[in-house]
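The values are calculated or read from the model by the stated rules, or taken from the named source; none is laboratory data. Since the model is a prediction, treat every value here as computed from it, not as a measurement. Positions of Cβ are backbone-derived with ideal geometry, glycine not excepted, and every protein chain shown enters the neighbour counts. When the accessible area is computed, the model is the full protein with side chains, heavy atoms only, and any ligands, DNA or RNA have been set aside. Shrake-Rupley method; radii C 1.70, N 1.55, O 1.52, S 1.80 Å.
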Amino acid sequence: MSQAIRFRAQVELAEKVKLDVQQVRYPHYGRYLEEFVPGQVFVHPRGFTFFPAQMEAFARTYMQCNPLYVNDQYARASGFAGLVASPQMVFNVVLSLGVQNDSEKAMANLGYYDAQYLRPVYQLDTIRSLTKVIDRKERGAGKPGIVTIRTLGLNQNDEVVLQYERKIMVAGQGDRPPTTPLPPSTVMPAFPWVDAAEVALPEFPESLPAGLTGPNSCFEDFSVGEIIVHANGRTITDEHLPLTYAVGNTHPLHFDRVFSSGLSGKMSGDPIVYGGLVFAWLEGLASRDVSENSVWELGFTEGYHTQPSVSGDTVAALSRVLAAEDAPGDLAAKFGIVSFQLIGVKNVSAARAFAQYGVDLFVKEGDKKALAKEKIDAKIFEIERRLLIRKRG
Amino acid sequence: MSQAIRFRAQVELAEKVKLDVQQVRYPHYGRYLEEFVPGQVFVHPRGFTFFPAQMEAFARTYMQCNPLYVNDQYARASGFAGLVASPQMVFNVVLSLGVQNDSEKAMANLGYYDAQYLRPVYQLDTIRSLTKVIDRKERGAGKPGIVTIRTLGLNQNDEVVLQYERKIMVAGQGDRPPTTPLPPSTVMPAFPWVDAAEVALPEFPESLPAGLTGPNSCFEDFSVGEIIVHANGRTITDEHLPLTYAVGNTHPLHFDRVFSSGLSGKMSGDPIVYGGLVFAWLEGLASRDVSENSVWELGFTEGYHTQPSVSGDTVAALSRVLAAEDAPGDLAAKFGIVSFQLIGVKNVSAARAFAQYGVDLFVKEGDKKALAKEKIDAKIFEIERRLLIRKRG
Amino acid sequence: MSQAIRFRAQVELAEKVKLDVQQVRYPHYGRYLEEFVPGQVFVHPRGFTFFPAQMEAFARTYMQCNPLYVNDQYARASGFAGLVASPQMVFNVVLSLGVQNDSEKAMANLGYYDAQYLRPVYQLDTIRSLTKVIDRKERGAGKPGIVTIRTLGLNQNDEVVLQYERKIMVAGQGDRPPTTPLPPSTVMPAFPWVDAAEVALPEFPESLPAGLTGPNSCFEDFSVGEIIVHANGRTITDEHLPLTYAVGNTHPLHFDRVFSSGLSGKMSGDPIVYGGLVFAWLEGLASRDVSENSVWELGFTEGYHTQPSVSGDTVAALSRVLAAEDAPGDLAAKFGIVSFQLIGVKNVSAARAFAQYGVDLFVKEGDKKALAKEKIDAKIFEIERRLLIRKRG
């Protein structure tokens, strides 16, 4: 149904409206430390409809090799309702939807914790995002504080597809004007985080499709303690600016050189690559060795960006097997759960980094001081992740 | 229905065909001044089918924050038939479809006037473009002339989705060979421009969706004369070359460095960013402050690119409220019309540009000489636009 | 159908798993010379579902001007079942799917031969790829050998959409560890290559759509021997790294600067543009002059990349008409077959290259020594291609 409306013709107006330098406002976004109140829930703007071409484009861009994310026929033959959005895309979108409110003023992303993927995102699903403030830690006058938040991604049926926690470093407001508020709400929005959440998996078919995945990445191929050095690296180009926009992240550090070059310290200079993209590339570089035969990414925790990356950096990845166990219940016949540590390095091949730094690459950077070990400048990322992986049978 | 055809095997031929340096042609496109005849109508080649992933990708790339362009569910809940193509995408595509004929030889785009969006573009719509020559102004031998053209974008039902006028600066043919002609036509194609055109809007629902748009950009939030300084800038990268292709623009100035560096004057050097993309980025940078709650972009006029941009430039935007009035008829209960002046600057933040140049940013560059004011080198764009914006109620 | 599964909570594990520098593996891909055995058939991983937005995006990126690839309505009016995937996209995807097995270790791609497009690829088609080893030529100890392979692209109905042959230069294994094997197979997979294959064309309508294609590229417009100098060039940017990923090509030479700068010789330095992309750009630059009115790309042969390209290079194209004949059978009433030689140059306009090198541009680089002619450094590509082109009638 449509209505035909005639509007008055547009006429030039600028000259006729008085110019007044005082009549000005500066909307700005994100929050200062004082603007986070534990218990508060934020509903994030916009939402994001997943279209299949973008799902495939995301998986391709970050070289996610699992056919579930690029081959609609394979996904259906595996029991899914259709092409599956790459977990990295879901994570990047859910996080980015919250940036305008949660972290557009953040000075640093300190860590990702307890991320759980709870159900598939399919084509035409529309994802929204909500955040709850868990904790605010002040560290004294003039010092930035630390805020702990939890974020949920919800689909159009209000089902949680992803939940995770992160910590961010945020400056105090000082004498600066407050940021743009969210719409006032008389009731606090529901925040359906569940600690021991169930995962909605498809009913898997008797036999999963064969021939389109590598032979060396089934459950039986992984033994605890094993280190896997992934062969190729990826040079990150200026593409990262539009890719940041593509997932909806609004932090100017990632795409506004006037802003980034005006900062002081380690972040000053060219725009910094949004960490979610770095994580996605590293995971993609690892994928044909570790996740091509996975049917579900369970989640990740203890994720830290230990050094920033900029355009021109080449990133590479290593994985280490932390655990391998049967899947629960009936799933055990076909699947096991493998936990990996994923490590990123930059401007050195993964093989050379391993030759140079050895197993110290797998020691958390935050623990190094206590262990009297040197931090590794070439190391950019560390995380633990769990996958549900097909058994060879 | 399909037919199975056997073709002769391909055999190598190049060696057997006589090489003759005289048997050569140089097809070239666009038109010289003499090749524009007022009254002439051109039907542009190719067309463009809008797929939803590209509609969303466009909106994301240029940071258009209105959920109508990125959230299918929101668009439907707002009364539209589905995801709505961003007005900037429609404009860029309709203009670009005409470049091969209208302006591939143009030396400059002098201005956009009287653009009117007349109906939504939805997924799977196929848009064609037509141009009519309105005026040709010669300025003496050896000098480029000025051509005024009107362009229409039509959907597959021959309905006009956008119409606008622009002026371009075009060199005379001199002793150069003519450009590639359009197919000869015995009848002049119809050109359904309507001066006081009706806009086909959806029937809006009783209540529009809430929660996914910001609280400070409803009709009531805008007061005439107010200046809004938009917080973030966007660094334009070499992405602009493929983005020019993405909308179908064929002018080599934007993607052929051999061509651009062979020019003389201000345009010489790296490829110049196609102005439509600059406009799109500026509008996107303004969008969360001014258009997130709009339900229709009525159109724009008096649009001028006052300085070119190249890869590496960071652009930022300011808006000024020029008018705010009720929508006509029954629409007034829910909507108002707000006119904005949109200004672009480069390589300076919008806040700093405002601190430095003040309200002179909002004086048209073309008027500055008469007003004895200095032109502003950092200013790249100026335009007036009108939006139909939701009332808070 | 879905099942709700509760997994144990993820706990941090890295500290608890013993670090052992000896427990390491280095999966690597591609094959060494000895790992190619004539007669062997490889089934390539992943597959690729074609979504319409990516089909259009590919055609736009490489400026393929034939409306069949960008205008769904036009494709249907031309007798096709919907938007047609650009032949260049099909070729790039089919080849890239095989890179991980066939050529991720290749030192050079020596040539493309006997490529035949056998049926359209439509939206939602899922393409897989298979390769058969045809020949292995050793050239002595310490020297790389030459492998001839044939590759097929199959759709979800096991119909061949494209078949072609290529030669690659591959180093011997020496004392290096073997590459990652394919899954063991007790039976050799079928390899449905057909030498004199039939092409599944649509039943074309009585009259093909008019007005959206140029007037100078119908069958009657091409005369044997004629050289066509295409007007515009295209500067290739760092976009080529993600574009290589976009088609699924896994060779690090194209996106890993640590790898590419560690090479010796001509390939050392910045990542080399994947040749399939160069071919696609050249074909796109030629398309509005030669293929806008084609209804089928029959195939190509004798394709050679004679110089590599890197980011920043500007490529341009020339075509030469090698043959023009009626289409077979009933098709002759509406269509002719035109064979073209397509030549690519870099960092010089096509017109200037022609002025400088004349018809020598069209002499195969590999024949120059025998003809006592100089090779042309600015020349990057040569190929012969055949198109089924509409007659003006």
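Going highest first, how would you order B:272-280, A:171-179, C:105-113 by mean Cβ packing within 10 Å?
Values: B:272-280: 24.6, A:171-179: 12.7, C:105-113: 19.2.
In descending order of packing, they fall as B:272-280, C:105-113, A:171-179.
So for the stretch B:242-308, what percent of the C-alpha to C-alpha distances run longer than 18 Å?
Details: 1115 of 2211 pairs.
Of all Cα-Cα distances in the stretch B:242-308, 50 percent exceed 18 Å.
Picking from A:GLY47, A:LEU68, A:GLN100, whose Cα lies most toward the positive end of the charge dipole for the stretch A:1-108 (charges on Cβ: Lys, Arg +1; Asp, Glu -1)?
A:GLY47
Over chain B, what is the mean sequence separation of C-alpha contacts under 8 Å (at least six apart), divided by residue count, expressed as relative contact order in percent? Before the final figure, lay out the partial values.
Working: 849 pairs, mean separation 70.3, N = 393.
Relative contact order for chain B comes out at 18 percent.
Quote the accessible area belonging to A:CYS218 in square angstrom, nearest 10, computed with a 1.4 Å probe and with ligands, DNA and RNA left uncounted.
Probe radius 1.4 Å; accessible area of A:CYS218 about 10 Å².
Please check: in the Gaussian network model of chain A (C-alpha springs, under 10 Å), which one of A:ARG150, A:ARG352, A:ARG76 has the largest mean-square fluctuation.
Of A:ARG150, A:ARG352, A:ARG76, the most mobile in the Gaussian network model is A:ARG352.
Would you look at the GNM of chain B, springs on alpha carbons closer than 10 Å, and say which of B:ALA115, B:ALA378, B:ALA286 moves the most?
Greatest mean-square fluctuation among the candidates belongs to B:ALA378.
In whole percent, what relative contact order does the stretch C:28-173 give with Cα contacts below 8 Å and a gap of six or more residues? Show your work: numbers first, answer last.
Working: 334 pairs, mean separation 47.2, N = 146.
Value for the stretch C:28-173: 32 percent.
How much of the accessible area of the protein assembly as shown, in percent, comes from carbon and sulfur atoms when a 1.4 Å probe is used? Mind dumping the intermediate values first?
On the way: 21290 of 40410 Å².
Carbon with sulfur: 53 percent of the solvent-accessible area.
Within 10 Å of each Cβ of C:40-47, how many other protein chain Cβ atoms are there on average? The partial results should precede the final answer.
Working: counts 0, 0, 0, 3, 2, 10, 13, 9.
Taking the mean over all residues of the peptide, I get 5.
Are any of the pairs B:LYS16/C:LYS364; A:LYS346/C:LYS346; B:LYS16/C:LYS375; C:LYS167/C:LYS346; B:LYS16/C:LYS334; C:LYS346/C:LYS368 more than 22 Å apart by Cα-Cα distance, and if so, which?
On the way: B:LYS16/C:LYS364 12 Å; A:LYS346/C:LYS346 32 Å; B:LYS16/C:LYS375 20 Å; C:LYS167/C:LYS346 24 Å; B:LYS16/C:LYS334 27 Å; C:LYS346/C:LYS368 19 Å.
Long pairs (Cα-Cα over 22 Å): A:LYS346/C:LYS346; C:LYS167/C:LYS346; B:LYS16/C:LYS334.
Which order do C:MET1, C:MET188, A:MET169 take when ranked by solvent-accessible area (1.4 Å probe, heavy atoms of all protein chains), largest first? Please list the in-between numbers first.
On the way: C:MET1 195, C:MET188 115, A:MET169 40 Å².
Putting C:MET1, C:MET188, A:MET169 in descending order of accessible area: C:MET1, C:MET188, A:MET169.
Taking only complete DSSP H runs, can you tell me which helices of chain A stretch 20 Å or more along their own long axis by Cα positions and average at least 0.0 on the Kyte-Doolittle scale?
Working: long enough: A:87-102 (23 Å, 0.55); A:275-290 (22 Å, 0.74).
Those that pass (Cα extent of 20 Å or more, hydropathy at least 0.0) are A:87-102, A:275-290.
Ignoring everything except DSSP H segments at least 4 long, calculate the 222 nm mean residue ellipticity for chain A; use -39,500 (n - 2.57) per segment, divide by total residues, nearest 500.
Details: 8 runs with 72 residues, N = 393.
Calculated at 222 nm, the ellipticity per residue is -5000 deg cm²/dmol.
So who's got an amide H within less than 5 Å of the one on B:TYR32, skipping anything under 5 residues away but keeping other chains? H placed 1.01 Å off N, in plane.
The answer is B:THR179.
On full extension of the chain, what length is gained from C:GLN3 through C:SER223, given 0.36 nm per residue of separation minus the C-alpha to C-alpha distance? Kindly include the intermediate steps, with their values, before the conclusion.
Numbers: separation 220, 0.36 × 220 = 79.20 nm, distance 6.56 nm.
Result for the pair: 72.6 nm of gain on full extension.
Between B:GLN173 and C:VAL11, what is the label-point separation in nm under the 7 Å Cα-to-beta-carbon projection?
Between C:VAL11 and B:GLN173, the simple spin-label model gives 8.4 nm.
Determine, for each peptide in A:219-228, A:203-212, B:85-94, the mean count of other beta carbons within 10 angstrom over its residues, then list the peptides with the highest first.
Values: A:219-228: 18.8, A:203-212: 13.6, B:85-94: 26.7.
The densest-packed peptide leads the list: B:85-94, A:219-228, A:203-212.
Considering protein heavy atoms only and a 1.4 Å probe radius, which residues within the stretch C:5-20 exhibit an accessible-area decrease of no less than 30 Å² in the full assembly relative to the chain by itself?
Those are C:ILE5, C:ARG6, C:PHE7, C:ARG8, C:GLN10, C:GLU12, C:LEU13, C:ALA14, C:VAL17, C:LEU19, which lose 30 Å² or more relative to the chain on its own.
If you place +1 on the Cβ of every Lys and Arg, -1 on the Cβ of every Asp and Glu, and leave all else neutral, what size is the dipole of chain A about its Cα centre, to the nearest 20 Debye?
940
Which one, B:LEU263, B:ALA355, B:PHE219, is farthest towards the positive end of the dipole of the stretch B:216-393 when Lys and Arg carry +1 and Asp and Glu -1 on their Cβ?
So the residue furthest toward the plus end is B:ALA355.
Given +1 on the Cβ of Lys and Arg, -1 on the Cβ of Asp and Glu, and no further charges, what dipole in debye does the stretch A:28-173 carry about its Cα centre, rounded to the nearest 20?
On the way: 15 positive and 13 negative charges, 64 e Å.
Result for the stretch A:28-173 is approximately 300 debye, rounded to the nearest 20.
Using a cut-off of 14 Å between alpha-carbon atoms, which aspartates and glutamates can reach C:LYS373, once sequence neighbours fewer than 8 places away in the same chain are excluded?
Cross-link targets: C:ASP360, C:GLU365.
Could you give the accessible area per residue of chain C, probe 1.4 Å, as a whole number in Å²?
On the way: 13470 Å² over 393 residues.
I get 34 Å² per residue for chain C.
Have a look at the stretch A:340-354 and report residues whose accessible surface goes down by 30 Å² or more when the remaining protein chains are included, against the chain on its own, probe 1.4 Å, ligands and DNA/RNA excluded.
With the partner chains in place, the stretch A:340-354 has these residues losing at least 30 Å²: A:PHE354.
Consider the operator that turns chain A into chain C: which A residue has a Cβ nearest its axis, and what is that gap in Å?
Per the A/C rotation axis, the closest residue of A reads A:ALA53, 2.
Quick check on the stretch C:216-393: what does the Kirkwood estimate of hydrodynamic radius come out to from the alpha carbon pairs, in Å? If you can, show how the numbers build up before the last one.
Working: mean 1/r = 0.0580 Å⁻¹.
About 17.2 Å, per the Kirkwood formula over Cα pairs.
Mind listing which GluC sites (Glu not before Pro) in the stretch A:300-393 are in a DSSP loop and have 11 or fewer other Cβ atoms within 10 Å? Write out the running numbers ahead of the final one.
On the way: sites: A:GLU302, A:GLU325, A:GLU365, A:GLU374, A:GLU382, A:GLU384; in loops: A:GLU374.
Taking the stretch A:300-393 and a limit of 11 other Cβ atoms within 10 Å, the loop GluC sites (Glu not before Pro) found are A:GLU374.
Can you pull the one-decimal nm distance between simple spin-label points at C:MET267 and A:ALA141, each 7 Å off the Cα toward Cβ?
6.4
Averaged over peptide A:24-33, how many Cβ atoms belonging to another chain are found within 10 Å of each residue's Cβ? All intermediate terms of the calculation are to be shown ahead of the outcome.
Values: counts 11, 7, 9, 11, 6, 5, 1, 0, 0, 0.
Taking all residues of A:24-33 together, the mean is 5.
Averaged across the residues of B:306-313, what count of C-beta atoms belonging to other chains lies within 10 Å of each residue's C-beta? It would help to have the intermediate numbers written out before the result.
On the way: counts 0, 0, 0, 0, 0, 2, 2, 2.
Whole-number average of other-chain Cβ neighbours for B:306-313 is 1.
By the scheme Lys and Arg +1, Asp and Glu -1, what is the net charge of all other residues having a beta-carbon under 12 Å from that of A:SER349? Let's see the in-between values first.
Values: positive: A:ARG234, A:LYS346, A:ARG352, C:ARG257; negative: C:ASP256.
Net of charged neighbours comes to +3.
Checking an interface number: how much accessible area is buried between A and C, summed over both chains, with a 1.4 Å probe, in Å² rounded to 100? If you can, show how the numbers build up before the last one.
Values: alone 19440 and 19440 Å², together 32900 Å².
The contact between C and A buries close to 6000 Å².
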